[in-house]
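In what follows, a structure is listed as structure tokens, so that the remarks can point back to it.
The values are calculated or read from the model by the stated rules, or taken from the named source; none is laboratory data. Being a predicted model, the structure only gives us computed values, none of them experimental. With ideal geometry, Cβ positions are generated from the backbone for all residues, glycine too; neighbour counts draw on all protein chains shown.
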Amino acid sequence: MNSFIKLLKLCTGYYVYDIGRNSILRVNEQTYNALRELMKNDGADTTDLRALEGIRELLDAGFLSENRPTQIYNKRAFLAREYIENNLNSIILQVTQDCNLRCAYCPYSGDGRFDRTHSNKAMDSDTARRAIDFLVSGSTYAESIHVGFYGGEPLLNFSLIKTIAEYATERFNPKRVNFGLTTNGTIMNSEILDFFSTYDCTINVSLDGPSHIHNKNRRFAHADVGSHANVVRTLSALSERGIPFGISAVWDLEESITEINAFFSGNDLYTNVNIEPVLTGRIGTGYAISEENEYADAAETVQAMLWYVGELTSMDEQKLRRAIEPITNIEKMLVPRDTVPDVFHHAGPCIPGSLRLLVDTAGNMYPCEKISGESTVMQIGNIDTGVDFEKISQIMNIGKLTEKQCKTCWAMNLCSICGMWADVNEEVFSVESKLKRCDFIKNQAKSTLKEYVILKSVMEVTA
Amino acid sequence: MKKACIYPFLPDMLPLINNPEIDSELRIMGICSLPSFLGYAMKHIERERLSVHAFLDAECIPVDFDAVIIPSLDEHPQLADDTCDTLQRLGEQGVELIYIKTQVASEQLFPDVNTVASAFGFDIPIVVAYKEIDEMDNLDVLLSLRAEFRKLDLRVLTVCKSPFGGVYPDVFRFPASAQLTEVPSNCRLTVLHKYIGNLLLGNEYDIILVDACDGFFCVDDNVNPSLLPFEIVKCLRPDYTFIQMAAGDYGDFGLVWKHLLSSVTGELDAVYMGCIMADSSGGERKLLHISQETANELASRLCGEYPVFSRSTIERLCASIVGTLRAEDRQLSCFAAVPMENGAATPIEEILRRTIPTADRRRHILSNGVCSPAELVYVFCTLKKRYGIEIMRLMDMLTEGLTVERLENFISTKGGD
């Protein structure tokens with residue numbers, strides 16, 4: 001018997017994840033053990049096991065199917081045109097590739113193998129206007145518009161930001177336009193503050209915590225000194241003018257998360273703080289989490305999970321929600337269906353450009369700001385030549401690259417791999433790079449799935 | 001002719017704009033729209049002909065317009081509140097306020113339908129529009145369908161909740177009052193009687209288009225609106241041809257379908273796909289406006305040949321949907337409560353013991369190989385259940401640095417009591 005299932009033995013009981021039906025079933029120990037025997041598929045006579053009441057019941061209800069998808073194809077691909085030609089609502093303009101800092105973990109400061117390097121390239125106003133025109137034509141049904149400014153450090157090209165804000169406001173009138181940028185917080189003057197006061201702006205300032213932690217990584221390019229004092233000055237100026245802002249903190253895994261949390265919670269200036277661990281996956285840096293940090297991080301997850309199962313209340317639900325995100329994401333993916341589809345594509349790829357279309361300084365378009373500006377395979381068009389829907393289809397069908405593995409992968413419904421993970425700045429996608437990511441994703445999916453099932457079971461019992 | 005502005009603009013006002021002949025006294029020159037309908041308005045209204053204002057710009061109304069047309073706000077009570085002051089002011093300034101009732105409902109409809117059914121014996125196809133995502137989609141499709149059928153010289157009766165669909169092309173006018181939702185009660189009966197009257201004249205039509213709008217047929221909030229038109233049609237004639245018109249949820253190929261087909265399994269002959277769909281495949285549910293071409297492709301992917309599908313195709317679809325529903329039932333029951341620590345659940349002591357050597361019992365409980373965060377949640381909840389220990393007390397221990405040994409000691413003393 002070669003059912004398309006995954007067995008889970010957890011502290012709360014025995015479970016079968018039926019991949020075809022995308023459903024998790026609680027079974028008793030006898031059924032679990034019988035299924036384990038059946039899955040060995042070693043040629044032994046399994047008639048008796050199949051006749052077990054628990055197994056028979058599942059088979060009769062259409063579970064335990066041995067079918068796998070016969071073709072890997074993303075059925076949403078044909079929707080790309082609909083999204084991009086009528087349903088866009090945001091665009092991100094890379095107004096400059098330059099930055100006055102050289103942060104240790106920044107992909108722009110890396111070796112350029114996977115990512116980008118700083119340059120003095122800046123977007124000109126003609127390109128920016130055409131990008132806005134592109135969004136106007138593609139946002140017929142949008143209720144409101146978001147224009148993001150991205151860098152490098154976007155405020156290095158403030159004159160362009162100002163010009164484009166005026167232009168976009170006029171072009172989209174009477175729709176509401178929100179502008180967003182994440183800044184390193186070292187460039188601020190009264191003109192910029194006036195701009196933030198005038199327009200509907202979502203501002204995120206990067207601050208990693210107390211000065212010794214922040215300054216360790218966030219250092220000026222022209223002089224090897226930290227930028228903490230400048231950032232704090234900027235935050236104070238924003239606060240004095242009553243301009244709302246959020247703080248993005250990158251957690252250097254070697255630094256104490258407890259100390260970072262204490263820093264932010266000890267000052268009223270820092271009310272909207274989002275702490276994300278440094279992304280080590282793509283920049284190849286050697287940040288390793290300490291045991292103390294691992295414990296503190298896990299303890300926070302426990303707190304969030306207790307909140308999730310209804311055992312704790314908290315003032316900071318937003319923070320807890322973020323901590324529980326992997327669980328809630330997997331919950332969204334577990335939508336039951338009647339059988340495994342013949343044609344299937346693993347979860348992961350978005351419709352490139354539909355959510356966070358990035359236009360770089362030269363007018364090239366990419367699915368989002370996470371993609372390397374050097375990428376050929378992920379470039380989905382250009383402001384002059386338009387969108388390359390064939391390319392979008394290829395990116396959405398990244399599973400074809402590993403069709404054989406994908407057809408039999410137990411994590412196909414829970415996958416989060418997109419084209420970015422198969423992009424190694426070459427002319428074609430890399431199978432090896434994608435498969436390398438597969439191992440990580442499967443481990444992560446298995447772990448999160450287990451946690452999800454335990455929590456659901458706890459919720460059932462405590463309800 | 002009076003210059004009029006629609007305030008606030010709602011999508012079901014579009015036919016009024018597109019059919020200026022409906023009212024010879026008014027000339028609609030502008031609309032004032034909520035943000036959520038701005039895109040729709042800007043797409044479907046010629047801005048050269050009409051000015052489009054954002055909702056917050058209502059101040060401009062008295063300058064430019066003689067009259068303000070107010071749609072029914074029954075389904076938008078908040079909107080009624082938001083607009084009330086402005087309308088009051090406009091009324092005081094002499095602007096004519098015209099309230100248009102687009103929603104009709106009657107608690108007396110159902111008994112009457114049975115009466116109608118017995119008198120109604122025409123074998124005509126019926127198109128049923130299903131209201132799922134957005135009423136404006138249904139209205140658009142109804143109107144476009146009507147145009148298509150008329151091209152074929154078919155006589156078409158359209159039943160929908162907009163007053164401009166065909167059954168009751170009159171614009172109902174009421175003097176606006178401070179309480180906008182107050183509508184003369186006889187209005188509903190008037191509309192209802194017109195509806196039934198037209199049904200009785202059904203032999204004038206080749207096709208009846210029915211909008212399965214909840215506002216029209218709902219008798220109370222507990223009734224599934226998608227079911228009601230089918231109930232009505234069943235009353236009328238059991239052998240009609242059904243064409244299902246639906247907005248689709250591409251995420252799982254048809255959340256719409258399962259609701260619908262669970263109530264009409266085996267009675268559907270064809271499918272028509274609307275132009276607004278909910279795409280929830282990315283996790284978040286997003287309304288997506290699609291072209292008719294795409295909608296047709298989607299419909300054909302769902303059911304094979306488009307636009308006329310065989311009964312066997314539909315039956316197959318029904319079967320698969322019913323299968324999905326069963327799977328969902330199973331999914332719901334899979335987490336049926338079992339007493340913790342009974343049956344298959346592992347005693348928490350066993351979780352703590354695991355394979356950890358005695359010497360390692362001073363390790364942090366969340367160290368790799370001891371407890372995962374969810375397992376610790378299970379342990380905490382079990383302790384709470386078993387000894388009534390407050391979760392906050394356990395969290396305090398966790399913050400201080402909880403080891404296996406410390407928790408075992410804690411358990412052995414039942415929380416120190």
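Filtering the range B:344-367 to residues that are modelled with pLDDT under 70 and more than 7 Å from every other protein chain (Cβ to nearest Cβ) leaves B:Thr355, B:Ile356, B:Pro357, B:Thr358, B:Ala359. When restricted to residues that are touching a strand residue (DSSP E or B) at 6+ places or on another chain (Cβ under 9 Å) and assigned to a helix (DSSP H, G or I), the range B:379-404 contains 2. Residue count for the range A:14-47 satisfying the condition of being away from chain B (no Cβ under 14 Å), in contact with a helix residue (DSSP H, G or I) (Cβ under 9 Å, 6 or more places away or on another chain) and at pLDDT below 85: 2. Selection of helices (runs of 4 or more DSSP H) fully inside the range A:185-283 by the criterion of at least 3 residues being of a type outside the set (A, V, I, L, M, F, W, C) and within 23 Å of A:Glu300 (Cα to Cα) returns A:257-265. Taking the condition in contact (Cβ under 8 Å) with a residue 60 or more places away in the chain and surrounded by fewer than 17 Cβ atoms within 10 Å (Cβ to Cβ), does A:His212 pass? No: the conditions fail for A:His212. For A:Thr234, the test of being more than 21 Å from A:His118 (Cα to Cα) and surrounded by 18 or more Cβ atoms within 10 Å (Cβ to Cβ) is passed. Evaluate the following for A:Thr186: is it of a type in the set (Val, Ile, Thr) and touching a residue at least 40 places away in the same chain (Cβ under 8 Å)? Yes; evaluated as a whole, the condition is true for this residue.
Of the helices (runs of 4 or more DSSP H) lying entirely inside the range A:344-463, those carrying at least 2 residues that are within 14 Å of another protein chain (Cβ to nearest Cβ) and under 21 Å from the mean Cα position of the chain (by Cα) are A:431-462.
Residues in the range A:56-68 that are in a helix (DSSP H, G or I) and crowded, with 21+ Cβ neighbours inside 10 Å: 1 in all.
The number of residues in the range A:8-49 being in a strand (DSSP E or B) and surrounded by fewer than 16 Cβ atoms within 10 Å (Cβ to Cβ) comes to 1.
Condition check for A:Arg171 on (1) modelled with pLDDT under 95; (2) within 14 Å of chain B (Cβ to nearest Cβ); (3) within 24 Å of the chain's Cα centre (by Cα): one failure, at (3).
Of the numbered criteria (1) touching an Asp or Glu at 6+ places or on another chain (Cβ under 9 Å); (2) over 29 Å from A:His146 (Cα atoms), the one A:Ala249 fails is (2). Filtered by the rule that a residue be closer than 19 Å to A:Ser375 by Cβ, at pLDDT below 85 and either within 14 Å of another protein chain (Cβ to nearest Cβ) or assigned to a strand (DSSP E or B) (or both), the range A:69-116 gives a lone residue, A:Ser109. A:Thr140 meets all of the listed conditions (1) over 18 Å from A:Ile84 (Cα atoms); (2) of a type in the set (Ser, Thr, Tyr); (3) assigned to a loop (DSSP other than H, G, I, E, B) but one, namely (1).
Out of the residues in the range A:143-164 that are touching a helix residue (DSSP H, G or I) at 6+ places or on another chain (Cβ under 7 Å) and assigned to a helix (DSSP H, G or I), which is nearest to the other protein chains (Cβ to nearest Cβ)? Across the range A:143-164, the extreme among qualifying residues is A:Ile164.
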